[in-house]
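Shown next, in structure tokens, is the structure this report addresses.
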Ligand code: TXA
Ligand code: MG
């Protein structure tokens, strides 16, 4: 299949063209304010099946349904309470996904067999224009091959999806850089299933107590093995967001972490490996950037200032993909604050590391 790439700045009505592809059962990748999505008609079971196959995604992992106008939810979700109404009022359009009981119009192929459906109204103008032009709600997971870091540019999408989908809408680099916050609204107390840009505090300011699913903060696969725990967002159980190299996180006092990362990086480089290091503006001077006399090399990349979590979130997937491009064999990362937006950053990194986090 030939994948057409169109820039949002191009003349001609690209949204009409893209909307028609969606209506006819095809797939279009598009920018949102969080990450690029891989869109298909959410009400068409065969379009959802195509999304799973293009991503290589397990079919029990449900898709998020994207809408452009509040009334679009009527046909999709049932039992929307006053708390959800408040959150929509405050955070839509924006990076918040809510889970409701699904209506019959949404096929089980879209919800991975569940009786609930995830709904979000993105704020990116290109996403809204596409949904409106399509005239149907759009099911869209992140537009990466299953397991890889989510795409934050159209080039990332093309790396993973070229030849597998009909069209990519290039809207440049996205703003936020990590996926939406997911909140399950079907229980008595709303529960965060995946942390994101909209933090627990921001939600609680609107609707009072919000719980957090245990998997969000888990630091080891063992912690989850206890009590036959089953994550409520099926996607959270898979290794995710992962670069090709092995990623190891080291946690502890900052100087000690730098010393340990340097020790391991030098040993790996001496064995001829290419080693990536994820650090911050503050710590970057502590790392050996040059390769030792051996065949390997060490590349330390700052992800931003430690207290500037919006920038760290914005750079996270780009940095992981850059290490893929540099063909890193292994990557060491410092850890970051895990409150506020930091919770989403640490959640993604720990998963990308396959829970490989060590104390020094
Ligand atoms: O920011 C975002 O949310 C991006 C952009 C494209 O909108 N989309 C995204 O989709 O991150 P995806 O498919 O990569 O992640 C969706 C997550 C998965 O972990 C999935 O298991 C969970 O949402 N999910 C979807 N429907 C669900 C449901 N009914 N119940 C529980 N979890 C659900
Ligand atoms: Mg994803």
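The values are calculated or read from the model by the stated rules, or taken from the named source; none is laboratory data. Fair warning: this is a prediction, and the values are worked out from it, not measured in the lab. Using ideal geometry, Cβ is built from the backbone for each residue, glycine included, and neighbour counts are taken over all protein chains shown.
Among the residues of region 30-50, those that are surrounded by 24 or more Cβ atoms within 10 Å (Cβ to Cβ) and under 20 Å from residue 171 (Cβ atoms) comprise 30, 31, 32, 34, 35, 36, 37, 38, 39, 40.
Each residue in region 105-114 was checked for being out of contact with any strand residue (DSSP E or B) (no Cβ under 6 Å at 6 or more places or on another chain) and within 9 Å of ligand 1 (Cβ to nearest atom), and 2 pass. Checked against (1) farther than 15 Å from residue 143 by Cβ; (2) within 23 Å of the chain's Cα centre (by Cα); (3) assigned to a helix (DSSP H, G or I), residue 54 passes all but condition (1).
Highlighted here are the strands (runs of 3 or more DSSP E) found entirely within region 243-360 that include at least 2 residues which are under 22 Å from residue 176 (Cα atoms): 274-279, 297-302.
Here is the figure for region 154-202: residues that are out of contact with any helix residue (DSSP H, G or I) (no Cβ under 9 Å at 6 or more places or on another chain), within 11 Å of ligand 1 (Cβ to nearest atom) and assigned to a loop (DSSP other than H, G, I, E, B) total 2. Exactly one residue out of 106, 174, 119 is buried (at least 22 other Cβ atoms within 10 Å of the Cβ) and either more than 18 Å from the chain's Cα centre (by Cα) or more than 29 Å from residue 315 (Cα to Cα) (or both): that is 106. Looking across region 263-282, the residues that are in contact with a helix residue (DSSP H, G or I) (Cβ under 8 Å, 6 or more places away or on another chain) and closer than 18 Å to residue 242 by Cβ come down to 275, 276, 277, 278.
Sub-6 Å Cβ pairs linking a first residue in region 5-23 that is at negative phi and exposed (fewer than 15 other Cβ atoms within 10 Å of the Cβ) to a second residue that is at pLDDT 95 or above and part of a helix (DSSP H, G or I), at least 6 apart or interchain, are 16/133, ordered by first then second residue.
The residue that is nearest to residue 200 (Cα to Cα), among those in region 94-104 that are within 13 Å of ligand 1 (Cβ to nearest atom) and in a loop (DSSP other than H, G, I, E, B), is 95. Scanning region 8-36 for residues that are within 14 Å of ligand 1 (Cβ to nearest atom) and touching a strand residue (DSSP E or B) at 6+ places or on another chain (Cβ under 6 Å) yields 27, 28, 29, 30, 35, 36. Every condition in (1) more than 21 Å from residue 18 (Cα to Cα); (2) within 16 Å of ligand 2 (Cβ to nearest atom) holds for residue 108 except the one numbered (2).
The lone criterion from (1) in contact (Cβ under 8 Å) with a residue 40 or more places away in the chain; (2) in contact with a strand residue (DSSP E or B) (Cβ under 6 Å, 6 or more places away or on another chain); (3) surrounded by fewer than 21 Cβ atoms within 10 Å (Cβ to Cβ) left unmet by residue 354 is number (2). Collect the residues in region 144-159 that are crowded, with 24+ Cβ neighbours inside 10 Å and within 10 Å of the chain's Cα centre (by Cα), keeping them in residue-number order. Scanning region 144-159 gives 144, 149, 150, 151, 152. Assigned to a loop (DSSP other than H, G, I, E, B), near ligand 1 (Cβ under 10 Å from one of its atoms) and surrounded by fewer than 22 Cβ atoms within 10 Å (Cβ to Cβ) - does that describe any residue in region 132-142? The answer is no, given that none of the residues of region 132-142 is assigned to a loop (DSSP other than H, G, I, E, B), near ligand 1 (Cβ under 10 Å from one of its atoms) and surrounded by fewer than 22 Cβ atoms within 10 Å (Cβ to Cβ). Only one entry of 107, 122 meets the criterion of being within 20 Å of residue 168 (Cβ to Cβ) and not in a helix (DSSP H, G or I), and that entry is 122.
Scanning region 59-93 for residues that are more than 10 Å from ligand 1 (Cβ to nearest atom), assigned to a loop (DSSP other than H, G, I, E, B) and within 24 Å of the chain's Cα centre (by Cα) yields 59, 67, 68, 69, 76, 92, 93.
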